[in-house]
Amino acid sequence: MRAGGEAPHQVLGRLRFLLQCSECFRRAQALPAALCYVPREVQYKICKDPAAAAAAAAARSLLSVWDSPGPARGGKRAARATIEVRKGGCLRATGEEYCNGAGLWVKLSKEQLEEYTSGHGLAEGWLLAQRFGGGGDKLVPVESVEKIQWQHQTLGVDYKPAVSWEHVVDLTYSMRLGEKPRLIEQDEAAVQKFRSVPPGWSYEHDMELGRFLYDHSERELWYGDCTKEHLSSIKVSSQVENCGVAHLTDNQTYTFWESNGALGQHWVRLNMKKGAIVKKLWLMLDVQINSYIPKRVAVYGGVPNRLQHLRTVLINENSYRDVCILRNMKTHLPVLEIRFLECRDEGYNVRLRGIKIKSFWEWDLILNASMFQPARLVRYPLLEGVDTDVLYRRAVLIQRFVQLLDSVLHYLFPLSEESIGTFNALRSMKPFLLLSKQNTALIAHYLQSSEKTPQYIPPKLHINRHLAREHRANPALDPSCRNTVFTQLYEGLRSSKSSLDYRWPLTYSQWWECEFITEGIIDNGGGFRDSLSDVSEELCPSSGDVPVPLPFFVRTSNQGNSSSTTRDMYVPNPSCKDFPKYEWIGQLMGAALRSKEFLMLSLPALVWKQLAGEEVSWSKDFATVDTELVKLLEVLEGVDREAFEFMFGRELTYTIVQSDQRVVELIPNGSSTVVRYEDRKEFIRLVQRARLEESKEQIAAMRAGLLCVVPQPVLDLLTWQQLEKKICGDPEITVAELRRFMTFEDFPPNDTRIQNFLEALNNFTSAASSSSSLAGAASQFRSLSTRKGQSESVLRRAGVPAPCRGLTLLSPKLEHIGPDARGLHVLLQLLLAQLFLVSQAGDRARGCSPLPGAGIWVPSQAPHVLPQGPSRWARGGKRGALGDCHGRDPAFPRPRAKACEELLRYAVYNCMSIDTDRNPWDE
């Protein structure tokens with residue numbers, strides 16, 4: 001179904017169908033039969049594996065039959081029967097399919113099984129139609145010659161039956177003249193499996209399942225270098241002594257492979273593991289001698305001895321880095337061969353520093369039941385404990401729904417008076433837009449089409465952060481907040497001659513220039529990013545122990561609730577009526593969305609949903625603001641009269657305390673009106689409405705400012721999670737993500753320092769959160785902007801001097817899709833910087849020579865981190881700077897990783913000074 005190729009009656013029919021589906025999803029009702037359509041019978045033809053020449057010549061094929069889909073990869077369960085299909089013949093099966101980690105399965109009914117074998121005792125059988133990663137024969141659906149001839153003779157040569165669920169949707173919901181094509185009879189049992197709603201299933205379950213599918217989609221399965229994981233072996237045409245094939249995968253910058261032979265006869269052959277699908281393949285060039293750099297290469301792929309040409313690449317003469325020579329393969333290729341056709345400067349031998357691959361397992365790219373493993377469902381509580389088959393079938397229906405939604409999505413935007421009603425009816429399905437293939441392209445189109453040319457010279461603002469720090473210490477002394485960085489920026493931009501609309505291209509990196517008084521900083525971007533960080537900290541302080549410097553946001557009630565998982569959130573202050581500044585906050589959020597910068601605002605889902613135009617619910621969304629109130633109202637609704645009188649008596653009145661701690665009346669004279677037992681549900685309704693709408697005006701002002709910068713269709717297409725992520729960055733950094741993005745240069749993987757670094761990383765995340773996530777430590781890093789990813793600014797604010805920011809000791813390479821993982825780079829750099837500090841301090845105390853880029857001393861104010869006195873260090877001898885192979889120094893009773901972890905925490909809380917670019921007294 002190609003987007004844009006549908007007839008008008010098809011588009012209207014699909015819109016009608018989508019509206020009906022969305023209503024069924026919302027009400028947790030059985031979905032339309034057309035979406036669940038499964039044909040009763042399908043003919044399959046056997047396609048022989050070209051890699052098995054002997055099998056291809058056989059006159060018959062033997063197929064194993066199981067009583068249920070299985071076994072998965074590595075399973076040992078034996079087949080229940082074997083059926084024989086002659087060469088050129090077709091196999092008759094039902095249309096029901098099932099996909100798991102082993103591959104794609106098709107079902108045979110009892111009658112169909114008896115055509116091929118007897119005495120099996122099976123009520124149904126399952127055949128493996130396509131094996132994941134294992135090669136072998138495949139079953140491909142076809143129409144038998146006899147059936148086609150019968151259809152042509154009986155119904156005419158133009159007859160085209162509806163054989164897929166898409167055709168069934170179009171025929172059922174589209175208006176057309178003349179006789180409709182006949183529907184192939186459906187498999188009633190299979191359709192009923194799809195249509196049946198699981199017990200206790202709700203709209204929220206479908207939304208959470210959609211989020212799971214998005215989190216485990218190809219776009220979100222970020223992989224770093226997969227060379228060792230997905231590569232079986234490497235062969236080369238030739239090699240020079242000490243420059244062998246092993247250097248292609250050793251991740252060292254100073255080693256290389258060098259060929260040794262005649263021009264045009266050099267190649268590198270990659271044998272991929274079964275099931276690996278290559279998405280990107282890079283050559284890592286060695287640029288020391290120009291004549292050894294390849295100029296033209298050809299890539300071949302396929303089965304051994306039958307390689308097919310994939311592409312030829314002419315490498316740019318100005319390329320001296322990694323060069324991508326292959327991308328976006330759709331199927332598994334057992335062998336990839338890189339042939340070097342020509343070198344620069346008429347050279348005849350080739351040098352490569354390495355080969356780098358980004359790839360996926362085949363079963364990770366296709367929806368299958370094995371995705372729903374219990375370990376993967378930990379972060380999705382509504383899905384835990386649900387049967388795997390139920391989740392799989394429901395996911396198939398969601399995938400079908402999104403496929404149809406994709407085909408008509410571009411007809412709904414930009415919204416017109418004719419389409420706005422339809423889109424509003426579909427708005428409840430907005431979370432499914434995460435799975436849309438058209439969504440990202442449409443968002444990019446609307447952002448790009450609304451861009452404006454930025455100013456050649458940004459406005460220059462003078463900021464006094466000393467006064468801002470004094471104000472933070474005691475905001476009550478200045479209710480006007482004129483000394484905050486926020487107000488200084490706001491007033492400075494108002495008084496400047498420049499008018500900022502913030503609709504700038506993605507590459508525009510500096511909105512204004514900051515001159516920090518008496519700080520000696522030349523702002524080439526770092527000062528500007530520092531000002532954004534300061535604004536974020538003033539609006540939503542990362543620490544719960546400090547006063548809020550500005551009146552625009554107040555802490556939620558959950559900040560005092562130790563059991564809540566959303567303790568560090570803020571909501572717009574219902575008492576603050578400074579709407580122009582709320583609009584400016586919205587404009588800054590829009591500018592962050594359009595750019596590579598981030599504005600760190602800890603807002604709950606209740607606020608983000610209203611900014612994105614989504615519906616909010618009391619039980620789910622307001623729980624992110626005040627969990628105790630949500631629970632209290634639940635108790636109040638279900639309590640009996642006696643318990644009500646005992647708990648409240650005549651003390652419960654029609655009043656409520658808002659987030660700003662003001663008491664407001666829910667009805668006229670509410671403070672003197674007692675809530676009666678029979679009126680408690682009306683009281684609950686009034687409380688919910690008042691609390692949900694208490695910041696309505698402030699959020700409306702923020703949304704108005706956001707819409708001044710971001711086109712309306714973009715907000716319509718973004719879910720609230722995407723909106724938060726684009727403005728604030730990824731709120732969660734997992735250990736698994738960090739490990740995937742890390743490669744260590746110039747150090748073997750078993751080096752003690754690397755092991756201690758990884759241990760410190762695990763210790764830090766374990767202490768911060770009970771799960772393997774850094775979300776629990778977010779508040780510690782927010783003031784350093786680790787969630788957002790401004791590495792240079794963050795490292796300065798963490799007290800890491802300039803020579804240490806480009807660490808040569810350990811250099812993590814972070815390769816990811818999109819900008820959302822940039823905060824990982826900052827976190828790793830901070831950890832590595834602290835590791836470097838530990839190593840430097842130890843080497844200096846031992847009398848060892850410092851590493852390159854030295855000149856760093858650990859602060860003396862950290863008595864509980866480093867051992868006292870150089871003599872205790874000296875007893876460690878000449879071992880590595882981070883201790884012996886067990887990660888401990890006998891003179892230092894705690895593990896070296898623990899010291900690294902504590903130094904990091906010390907830097908986060910104490911090292912907030914910034915290095916200078918000039919003498920502050922020269923300003």
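Among Ile315, Ile293, which comes first, then next, by fewest other beta-carbon atoms within 10 Å? Walk me through the intermediate numbers first.
Values: Ile315 18, Ile293 23.
Going from least to most buried by this count: Ile315, Ile293.
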Worksheet item: After finding the eigenvalues of the alpha carbon gyration tensor for region 509-661, what semi-axes result from the square roots of 5 times each, listed largest first in whole Å?
Response: 40, 16, 13
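Name the GluC sites (Glu not before Pro) in region 573-646 that are in a loop by DSSP and that have at most 13 other C-beta atoms within 10 Å, would you?
Details: sites: Glu583, Glu597, Glu614, Glu615, Glu628, Glu634, Glu637, Glu642, Glu645; in loops: Glu597, Glu614, Glu615.
Loop-located and lightly packed - Glu615.
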Fill in: Cα→Cβ-extended label distance, 7 Å offset, between Glu697 and Val287, nm
5.9 nm
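Using r as the Cβ-Cβ distance of Leu62 and Leu341, and R0 as 41 Å, what FRET efficiency do you calculate, to the nearest 0.05?
On the way: r = 45 Å, r/R0 = 1.09.
Step by step, r from the Cβ atoms, then E = 0.40.
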Worksheet item: Taking the convex hull of the alpha carbon atoms in region 246-288, what volume per residue do you get, in Å³?
Response: 124 Å³
Fill in: At R0 = 22 Å, FRET efficiency that the Cβ-Cβ distance of Leu477 and Lys577 yields, to 0.05
0.50
Worksheet entry | Neighbour-count ranking [beta-carbon atoms within 10 angstrom, fewest first] of Asp545, Asp206 | Asp545, Asp206
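Once fully extended, how much extra length lies between Val142 and Thr82, figured as 0.36 nm per residue of separation less the alpha-carbon to alpha-carbon distance? Could you put the intermediate results ahead of the total?
On the way: separation 60, 0.36 × 60 = 21.60 nm, distance 2.20 nm.
19.4 nm is the gain from fully extending Val142 to Thr82.
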Response to the item:
As a Kirkwood estimate from alpha-carbon pairs, region 628-734 has a hydrodynamic radius in angstrom of 17.0 Å
Fill in: Which listed pairs, of Lys620/Lys726; Lys330/Lys356; Lys330/Lys437; Lys280/Lys609, have C-alpha distances above 25 Å, in listed order
Lys280/Lys609
Worksheet, complete the sentence: Pseudo-spin-label distance Asp660 to His462, built 7 Å along Cα→Cβ, given in nm, is 3.4 nm
Worksheet item: Over the Cα atoms of region 227-364, how large are the radius of gyration and the largest Cα-Cα distance (Dmax), in Å?
Response: 14.1, 44
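Arrange Thr507, Thr566, Thr227 by Cβ neighbour counts within 10 Å, fewest through most, would you? Walk me through the numbers on the way to the answer.
Numbers: Thr507 8, Thr566 17, Thr227 21.
Final ranking by Cβ density, sparse to dense: Thr507, Thr566, Thr227.
Could you compute Rg(Cα) / (2.2 N^0.38 Å) for region 542-620, with N its residue count? Walk me through the intermediate numbers first.
Details: Rg = 13.6 Å, N = 79, 2.2 N^0.38 = 11.6 Å.
Compared with the compact-globule rule of thumb, region 542-620 sits at 1.17.
Per 0.36 nm of contour for each residue apart, how much would the distance between Tyr320 and Cys47 grow if the chain were fully extended, relative to their Cα-Cα spacing?
On the way: separation 273, 0.36 × 273 = 98.28 nm, distance 4.47 nm.
Roughly 93.8 nm would be gained on extension.
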Worksheet, complete the sentence: Simple SL model, points at 7 angstrom along Cα→Cβ for Gln252 and Phe648; separation in nm is 7.5 nm
Practice prompt. Return P(r) of region 473-568 (all Cα-Cα pairs; 5 Å bins starting at 0; whole %; ordered from short to long distances).
Written response: 2, 11, 16, 19, 18, 13, 10, 6, 3, 0
Worksheet item: In whole angstrom, how far apart do the alpha carbon centroids of region 682-724 and region 606-638 sit?
Response: 14 Å
Worksheet item: Around Thr655, which amide H atoms from residues at least 5 apart in sequence, or from another chain, sit under 5 Å from its own amide H, with H modelled in the peptide plane?
Response: Leu666
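Using a Förster radius of 41 Å, what is the FRET efficiency between Ser238 and Ile366 based on their Cβ-Cβ separation? Nearest 0.05, please.
Numbers: r = 39 Å, r/R0 = 0.95.
Step by step, r from the Cβ atoms, then E = 0.55.
Do any chymotrypsin sites (Phe, Trp or Tyr not before Pro) in region 452-496 lie in a DSSP loop with no more than 13 other beta carbon atoms within 10 Å, and if so, which?
Filter output for region 452-496: Tyr456.
Read-outs throughout are calculated quantities, based only on the coordinates presented, and are distinct from any laboratory measurement. Since we're looking at a predicted model, the values are computed, not measured. In this analysis, Cβ positions are derived from the backbone assuming ideal geometry, glycine residues included, and neighbour counts consider all displayed protein chains.
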